[in-house]
Amino acid sequence: MTSKPTIVFINRCYWPDSEATGQLLTDLCQDLTKRFDVHIVCGAPNSPTTMDFKRSGIEVRDGITIHRLTHTHFAKRVPAGRIINLVSFSRSASKYLKRTNLKPHAVICETDPFLLPVVASSYVRRNGAKLVCYLQDIYPDVAEAIGKVRSGWLTRQIRFRLKAAYDHADRVVVLGSCMQRRLTSPPWSIEQSKMRVIPNWSDCQSIQPISTESTQFRRVNKLTDKLVVMHSGNMGLTQRLDVLIDATEDRNWPAEAVLVLVGDGAAKQSLEEKAAAFGNDRVRFLPYQPRETLSDSLSAADVHLVSMHAEITGCLCPSKLYGILAAGRPVLAIADSNTDLCETVQQNQLGWTCPPRRSDSIAVAVSKAAMDPAYRESAGKRARQIAVERFDRPVVTKQFGDMLAQLLNQSETN
């Protein structure tokens, strides 16, 4: 019996973390165990869904060998702490890979933290494994775009080291064509032949459409008579959610519409303060919902919002889109027209699009949605169909597995 090829993922975030990147990586690893001997080198979860896990060391779960490292774990809201965490996990991963007896056929590094491709590139140069850089976002471009760092010597050095890792990689996987365009253009100029576009996904078995009026979420939160306009997920700096709150003050915002912000993140406190200063009852904040109740909470919305900062086109592709599509709900995409997000919504008639920074345009779009329940229903049906056909978990994770299998087969025959 032929043994399965050994593959090693490297990323800080993994089960039991509730963060989206950790949940997606857990799904992927689980689905790849049928074809590969899967290992994951990961760190401490920021928001664990259970405390029943080994804090450090090795454990096997669902056929996956988890190598959990110790590192600093400062709160994400503390900027200096986040930098220390980044460096700490990167150093821990580098040291661990140097002393481990793992002999992988392929190493797949993600971007939490963003220096991991440099760590992985150094490792595979020593052991001869194939390298796949799997980019959930593109740094330092994101940080520059949202004004967290200034372009200069430091960002040039980071980009130089990451570009060297991407040039050395056998494959560079990105989430959308807009990310591919950014990386194949200067200053990155990554060779297009090594790039692959594989989107994120949702599990269409676990997330099923429910009649909006039947959801417990609406009843519990006293939303039964409202037009629910929902943003569900991380409240970070790459989304400009403050503009959504501004939209609720616009004269075109429907009287029956309520903006419901579900989740947490670095921007939540400032958003709560902004909403409180307005003093209206059109904005509500609710905590993350358990993954097992996502069908109910996502289906509670009449319209879902997916918002991207104006300057981050091509830096990332928001994964929250796929859960929305699985729940069969229409989308209001607030982003540059050249993003995969807007192209997907427009080309498949899944809802509405409007440019970033335009609170007035958001209010007008919400007003259009309020006045056209028939279109909301048809867009939701199309959303569910495209989710099943193109963005369902087994469909996309198979694409990733096929990419790895092809890469390793090529290495055996070359």
Modelled FRET efficiency - R0 22 Å, Lys54 with Thr100, Cβ distances, 0.05 increments:
0.85
Report the percentage of all Cα-Cα pairs in region 201-346 whose separation exceeds 29 Å, rounded to a whole percent.
11
Among 338-345, 159-166, 27-34, how do they line up by average Cβ neighbours within 10 Å per residue, starting with the highest?
338-345, 27-34, 159-166
Do the sum for the chain: with -39,500 (n - 2.57) for every DSSP H run of n ≥ 4, divided by all residues, what is the mean residue ellipticity at 222 nm, to the nearest 500 deg cm²/dmol?
-12500 deg cm²/dmol
Got the relative contact order for the chain handy, in percent, Cα pairs under 8 Å and 6 or more residues apart?
14
Over region 358-414, volume per residue of the alpha carbon convex hull, in Å³:
112
First measure r as the distance between the Cβ atoms of Glu191 and Phe285, then evaluate 1/(1 + (r/R0)^6) with R0 = 41 Å and state the FRET efficiency to the nearest 0.05.
0.35
On a full-extension model of 0.36 nm per residue, what is the gain between Ser211 and Arg91, subtracting their alpha-carbon distance, rounded to one decimal in nm?
38.3 nm
Amide H contacts of Val262 (H built 1.01 Å from N, under 5 Å, at least 5 apart or other chain)
His231, Ser232, Gly233, Leu286
Relative contact order (percent) for region 211-332, with alpha-carbon contacts under 8 angstrom and 6 or more residues of separation?
34
Centre separation in Å (Cα based) which lies between region 315-331 and region 264-301:
17
For region 307-414, the accessible surface attributable to carbon and sulfur atoms (probe 1.4 angstrom, ligands and nucleic acids excluded) amounts in percent to 45
Three-way shape label, region 126-179, alpha-carbon gyration tensor, a/c 1.5
oblate
What percent do you get for the relative contact order of region 115-230 when only Cα pairs under 8 Å and 6+ apart count?
23
Region 245-349 - share of DSSP beta bridges that are antiparallel (%, nearest 5):
0
Across region 329-344, in residue order, what do the Karplus-derived ³J(HN,Hα) couplings come to in whole Hz, using 6.51 cos²θ - 1.76 cosθ + 1.60 with θ = phi - 60° and x for Gly and Pro?
10, x, 10, 9, 8, 10, 6, 4, 5, 8, 7, 4, 4, 5, 4, 5
The simple spin-label model distance between Asn348 and Ser151, using points 7 Å out along Cα→Cβ, in nm, is 3.4
Volume per residue that the Cα convex hull of region 1-129 spans, once the total is divided by residue count, Å³:
99
In whole Hz and in residue order, list the ³J(HN,Hα) couplings for region 142-155 that follow from phi through the Karplus curve 6.51 cos²θ - 1.76 cosθ + 1.60, θ = phi - 60°; x for Gly and Pro.
4, 4, 5, 4, 9, x, 7, 9, 8, 5, x, 4, 5, 5
Can you list the HN-Hα couplings for region 165-174, worked out from phi with the Karplus curve (6.51, -1.76, 1.60; θ = phi - 60°), rounded to whole Hz and with x for Gly and Pro?
5, 5, 5, 7, 5, 7, 9, 10, 9, 10
Fraction of antiparallel bridges per DSSP, the chain only, in percent to nearest 5
15
Give me the percent of the accessible area of region 125-212 that comes from carbon and sulfur atoms, probe 1.4 Å, all protein chains in place.
49
With each pseudo-label sitting 7 Å past Cα toward Cβ, what's the Glu272-Glu377 distance in nm, one decimal?
3.9
Rounded, prolate or oblate: which fits region 172-264, taking a ≥ b ≥ c as square roots of the Cα gyration tensor eigenvalues, rounded meaning a/c under 1.5, else prolate when a/b beats b/c?
oblate
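The values are calculated or read from the model by the stated rules, or taken from the named source; none is laboratory data. The shown structure was predicted, so the numbers you read here are calculated from the model rather than taken from an experiment. Every residue, glycine among them, receives a Cβ derived from its backbone with ideal geometry; neighbour counts consider all protein chains shown. Ligands, DNA and RNA are stripped out before the accessible areas are found, and what is left, the full protein with its side chains, is counted by its heavy atoms. Shrake-Rupley method; radii C 1.70, N 1.55, O 1.52, S 1.80 Å.
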